[in-house]
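> Following this message is one structure expressed as structure tokens.
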Amino acid sequence: MRALIGISLGLLFSLQCHAATIFTNVTIFDPDTGEAIEHVAVQVDGGRIIAITSDAAPRPMTDDLTIIDGTDKFLIPGLTEMHGHLPPASWGKEQTEETLFLYLAGGVTTVRGMLGDPGQFAMRDRINSGEIAGPTLYLAAPSLNGSSVSSVEEAVEKTKRFAAEGWDLQKIHPGLTRAEYDAMAKTANDVGYPFGGHVPSDVGIERALSVGQISIDHMDGYISWLDGDDHALTEEELQRAIQITLDSGTWIVPTQALFNTFYSSTGGGTALTDAEVQTLLDRPENAYVPKRMLAQWHQTAQSARPSAMATNNRQRLLKAFADAGVNLAMGSDAPQTFSVPGFSIWREIEVMVDAGLTPAQILDIGTKAPGRYFKDKDQFGTITVGARADLILLDADPSEDALNITKQAGVMAAGRWYSRADLDKRLSTIAARHAN
């Protein structure tokens with residue numbers, strides 16, 4: 001047997017294959033109870049978890065088995081970015097591959113891409129083949145919105161066409177009329193094609209939930225529905241939102257970190273202080289984005305007018321949803337303002353901690369919940385035999401502190417292992433190129 005001692009940069013990011021791997025003497029968490037199970041061996045082959053045993057159990061004695069020592073470490077499923085944006089075909093090779101890699105570097109092993117470009121099908125194939133490093137991708141079709149749809153007939157035609165092209169869901173943006181939205185929803189439901197995203201103002205939360213929108217992203221529609229810009233939500237209003245959402249089974253993707261800071265007001269908020277803007281600029285992950293993009297983010301931060309009332313209501317609604325068992329999944333809208341792919345999920349975890357969510361709730365929202373959402377596509381989000389081998393090796397216990405999810409010793413995406421040393425080497429190269 002050989003020990004894992006690192007992989008050359010070229011092999012790591014160009015020719016990764018589904019190597020046979022075993023994590024030894026690691027702690028995992030029971031997928032049903034959340035209880036810690038110590039001294040476990042988790043074996044991976046062909047991109048799948050093939051065995052979970054006591055570390056004392058016999059293991060295969062082969063020359064091509066990679067052994068990763070999990071002593072004093074914790075193994076959890078990979079994180080999922082449920083509202084991410086993926087490179088379009090117009091981006092260059094370097095920017096595309098860097099963006100996909102950044103997701104992995106933050107422990108994000110699955111991305112639900114929420115703004116479709118036809119070139120993303122080929123990009124997904126290249127990741128799946130191991131030609132480039134990246135997360136497993138599920139792809140939303142090009143958006144239906146007030147600019148892309150001008151009639152009921154066009155809404156129906158595009159919904160049918162995108163469904164036939166093989167997109168995983170239909171992205172909805174604001175601007176659709178009620179008639180256009182209703183026609184889209186009926187057509188999508190008739191062909192078994194999910195749709196999700198924003199809630200157009202002509203439609204509203206209640207209608208979107210009643211016709212089966214699979215996800216409502218950002219929660220701004222809830223704040224508008226409940227007039228949450230103007231008053232502190234009452235317990236009765238929170239319960240109303242909980243019940244209507246539970247009844248629908250719709251998924252909520254909050255994107256709290258982004259919206260609390262930049263989009264939690266319709267114009268009546270207060271400007272960020274110079275110190276608050278500087279704190280955003282000082283985030284270490286900004287080293288991995290181009291100077292031009294960082295300058296744009298700086299301008300956005302200077303013009304932001306977040307509402308303390310709306311932000312507090314968003315946080316309270318998130319906590320209420322989590323405690324009530326509403327379908328919640330992690331999303332950050334990367335790479336939007338100060339949302340660096342991969343690392344923006346860390347910021348989302350911070351905001352969820354501030355909202356009072358427990359480590360168990362946050363772990364579920366970031367790992368198991370997306371697996372339930374995509375249960376008809378694949379098996380992932382849990383450490384169970386047969387699941388896709390999307391895993392994060394942690395240096396600290398995430399059940400004690402959810403922020404320990406960010407203390408990553410390495411990431412495995414569909415059976416391909418990326419050690420912290422190798423990830424950091426590539427990150428250093430990216431940072432040197434941008435020189436922020």
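The values are calculated or read from the model by the stated rules, or taken from the named source; none is laboratory data. On a predicted model such as this, the values are computed, not experimentally measured, just so you know. Don't worry about glycine lacking a Cβ; one is built from the backbone with ideal geometry, like all the others, and counts go over all protein chains shown.
> Among the residues of segment 50-93, write down those that are within 29 Å of A369 (Cα to Cα), outside the structural domain of A402 (by TED's automatic domain parsing) and free of Cβ contacts under 8 Å to residues at least 40 places away in the same chain.
Correct list: P87, P88.
> Could you tell me whether T33 is hydroxyl-bearing (S, T, Y), closer than 30 Å to P254 by Cα and crowded, with 21+ Cβ neighbours inside 10 Å?
So T33 fails the test.
> For L115, all conditions in the list (1) in a loop (DSSP other than H, G, I, E, B); (2) touching a helix residue (DSSP H, G or I) at 6+ places or on another chain (Cβ under 8 Å) hold save one; what is the number of the exception?
(2)
> Here is a follow-up. For segment 395-414, indicate whether the set of residues that are of a type in the set (A, V, I, L, M), assigned to a helix (DSSP H, G or I), exposed (fewer than 15 other Cβ atoms within 10 Å of the Cβ) and free of Cβ contacts under 8 Å to residues at least 60 places away in the same chain is non-empty.
Checked segment 395-414: no residue is of a type in the set (A, V, I, L, M), assigned to a helix (DSSP H, G or I), exposed (fewer than 15 other Cβ atoms within 10 Å of the Cβ) and free of Cβ contacts under 8 Å to residues at least 60 places away in the same chain.
> For L246, are the conditions met, namely being within 15 Å of A322 (Cα to Cα) and of a type in the set (A, V, I, L, M, F, W, C)?
It is true that L246 is within 15 Å of A322 (Cα to Cα) and of a type in the set (A, V, I, L, M, F, W, C).
Conditions (1) in contact with an Asp or Glu (Cβ under 7 Å, 6 or more places away or on another chain); (2) within 13 Å of V253 (Cβ to Cβ); (3) surrounded by fewer than 18 Cβ atoms within 10 Å (Cβ to Cβ), marked per residue:
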residue	(1), (2), (3)
R178	yes, no, yes
A183	no, no, no
A188	no, no, no
H198	yes, yes, no
S201	no, no, yes
I216	no, yes, no
Y222	no, yes, no
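Each row is one residue, and each column tells you yes or no for (1) surrounded by fewer than 17 Cβ atoms within 10 Å (Cβ to Cβ); (2) closer than 30 Å to R372 by Cβ.
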{"site": "S210", "(1), (2)": "yes, yes"}
{"site": "A241", "(1), (2)": "no, yes"}
{"site": "P254", "(1), (2)": "no, yes"}
{"site": "T261", "(1), (2)": "no, yes"}
{"site": "T279", "(1), (2)": "yes, no"}
{"site": "A301", "(1), (2)": "no, no"}
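> Is segment 419-434 home to any residue that is of a type outside the set (A, V, I, L, M, F, W, C), under 15 Å from G78 (Cα atoms) and free of Cβ contacts under 8 Å to residues at least 60 places away in the same chain?
yes
> When you go through E165, E157, E153, E131 one by one, which is the residue that is under 30 Å from G342 (Cβ atoms), over 23 Å from the mean Cα position of the chain (by Cα) and surrounded by fewer than 17 Cβ atoms within 10 Å (Cβ to Cβ)?
It is E165.
> Considering only residues that are under 15 Å from V26 (Cα atoms) and among the small types (G, A, S), look in segment 390-432 and name the one that is farthest from the chain's Cα centre (by Cα).
Restricting to residues being under 15 Å from V26 (Cα atoms) and among the small types (G, A, S), the top hit is A396.
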